Amino acid sequence: MLRNDYEGQICSIARSLELIGERWSLLVIREVFHGRRKFNEMQRSLGVARNVLAARLQRLVDQDILERRPYSEHPERYEYFLTEKGLDLWPVMVSLMHWGDEHEPLPGGPPMLVVHKGECGGVVDDRRICTSCGKPLTVREARAVEGPGMAPAIEALASAAA
């Protein structure tokens, strides 16, 4: 079994990977960025085993990347929100998304786009700058929307499953 720490590594990347480098962790964070904050929403979207999702959520809460807030007492249920530490991962997420779109593109185009929220609606580039108005953006000024590659990718998955 592979260890999940990087003993002996004096490296900021290694320390970061100890927190967010486990399989599914960044995808769980992506789900919260996309507004899927409830366990069942995340589980349905990711298709991950419930025990794995529960473990990743707990680890992200323990590491102060996510905050758990109750939304139902009977039964006891929680929503998950990004803390400031979690919101600081936005540049990483945008960079990874653009890197994947560049180096592992889908035939129909990107499945998701990040756009300038409210103002001009322009697409956000890999440096988090609005391609329409040129404004450098923060996480609170942008949102993710479905891109041109989403529908063809879903159709391809459905065809492969049939």
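The values are calculated or read from the model by the stated rules, or taken from the named source; none is laboratory data. These numbers were taken from a predicted model, which means no experiment stands behind them. Ideal geometry is used to build each Cβ from the backbone, glycine not excepted, and the neighbour counts take in all protein chains shown. Protein only, heavy atoms only, side chains kept; ligands, DNA and RNA dropped before computing areas. Shrake-Rupley method; radii C 1.70, N 1.55, O 1.52, S 1.80 Å.
Assessment of region 83-93 against the conditions (basic (Lys, Arg) and touching a strand residue (DSSP E or B) at 6+ places or on another chain (Cβ under 6 Å)) yields no matching residue.
Exactly one residue among 133, 120 is among the hydrophobic types (A, V, I, L, M, F, W, C), in contact with a Ser or Thr (Cβ under 9 Å, 6 or more places away or on another chain), open to solvent by 40 Å² or more (accessible area, probe 1.4 Å) and assigned to a loop (DSSP other than H, G, I, E, B), and that residue is 120. The helices (runs of 4 or more DSSP H) falling completely within region 1-114 that include 2 or more residues that are closer than 29 Å to residue 125 by Cβ and either open to solvent by 40 Å² or more (accessible area, probe 1.4 Å) or of a type in the set (Val, Ile, Thr) (or both) map to 12-20, 25-33, 39-46, 84-87, 90-103. Scanning region 52-71 for residues that are touching a strand residue (DSSP E or B) at 6+ places or on another chain (Cβ under 7 Å) and of a type in the set (Asp, Glu) yields one hit, 67. Just one of (1) within 18 Å of the chain's Cα centre (by Cα); (2) open to solvent by less than 50 Å² (accessible area, probe 1.4 Å); (3) within 25 Å of residue 41 (Cβ to Cβ); (4) not basic (Lys, Arg) fails for residue 125. It is (3).
Being buried (at least 16 other Cβ atoms within 10 Å of the Cβ), of a type in the set (A, V, I, L, M) and either at pLDDT 90 or above or not in a loop (DSSP other than H, G, I, E, B) (or both) is a description that applies to residue 144.
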